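Chemist: Pasting a structure here, questions to come.
Taken together, the values in this text are just the output of simple stated rules run on the coordinates, not laboratory data. Just so we're clear, the structure is a prediction, and the values are computed from it rather than from any experiment. Because the Cβ atoms are built from the backbone with ideal geometry, glycine has one as well, and the counts that use them run over all protein chains shown.
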Amino acid sequence: MRLLALAVLAAVVMLTAGCATITKGASQNITVDTDPTGAACTLTRETKTLAVVNPTPGSVSIPKASTPITVVCRKAEFLDAAGTLTSQFQAMTFGNILFGGLIGVAVDAASGATHEYDPIVTITLVPAIFPDYPTRDAFFDRMRETLINEAAEVKARIAKQCSGSQCEKELAAAEAGTRAKLAEIEQKQALARVAGS
């Protein structure tokens, strides 16, 4: 019995020595792209600049955390555009329960390694001025179509990965987010400048 206890203790010591990196480490690469490319994008978290990608596309290494990252992109002849990256709880963290014990989970949580951002963010830049109304309308129609398709993928992923009341909450949040983004597109279209108008 004593020998078994010593073996378990030795295993815990060995595993917790590197427990902050059992999952995927405390930082990750994020690729920032824009449509069109060639913009300068600044990534900030809680008012602190984390990185600058100039020009897009480009990749940067970002420390993981539970707080969102704001991405602001600028390009000549286009309106400034912004997006938000929210972190998701890594499923791989559960590996710590199997390999590193509860100590591993506690250390990973403290280091921010239990959270991960989407690895790719693409921000659509709106032209500062459109040549005519049909071009403007086609541009925003494409934005709506892209949003609706992405929302459908997110909802399918939620339905596949969750269950019970938590699933309902996440689906409701996804639906509310979709409605908010559609309203934002409508507002941008109404404010978009058209040559000669």
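Chemist: Using modelled backbone amide H atoms (1.01 Å from N, in-plane), which distant-in-sequence or interchain residues come within less than 5 Å of A128's amide H?
Modeler: For A128, the qualifying residues are F78, L79.
Chemist: Let me ask another. Using θ = phi - 60° and the Karplus form 6.51 cos²θ - 1.76 cosθ + 1.60, what ³J(HN,Hα) does each residue of region 186-195 get, whole Hz, x for Gly and Pro?
Modeler: Each residue of region 186-195 in turn: 4, 5, 5, 5, 5, 8, 5, 7, 10, 4 Hz.
Chemist: Residues with amide H under 5 Å of I120's amide H, sequence separation 5 or more or different chain, H placed in the peptide plane at 1.01 Å from N; which?
Modeler: T31
Chemist: Would you mind counting up the charge near R193? Only other residues with Cβ under 14 Å from its Cβ, with Lys and Arg at +1 and Asp and Glu at -1. Present the calculation step by step, with values, prior to reporting the outcome.
Modeler: Numbers: positive: R136, K188; negative: E77, D132, D137.
Net charge around R193: -1.
Chemist: I would also like to ask the following. Can you tell me the length gained on complete extension of the stretch E168 to R142, counting 0.36 nm per residue apart and subtracting the Cα distance?
Modeler: Here the answer is 6.5 nm.
Chemist: Hey, another quick one. Cut-off under 28 Å on the C-alpha distance; same-chain residues fewer than 8 positions from K64 excluded. Which lysines are left, in chain and number order?
Modeler: Partners found: K24, K48, K75, K155, K160, K169, K181.
Chemist: State the extension gain, in nm to one decimal, for the chain segment bounded by E153 and Y133, taking 0.36 nm per residue of separation less the distance between their alpha-carbons.
Modeler: Here the segment from E153 to Y133 would lengthen by 4.1 nm.
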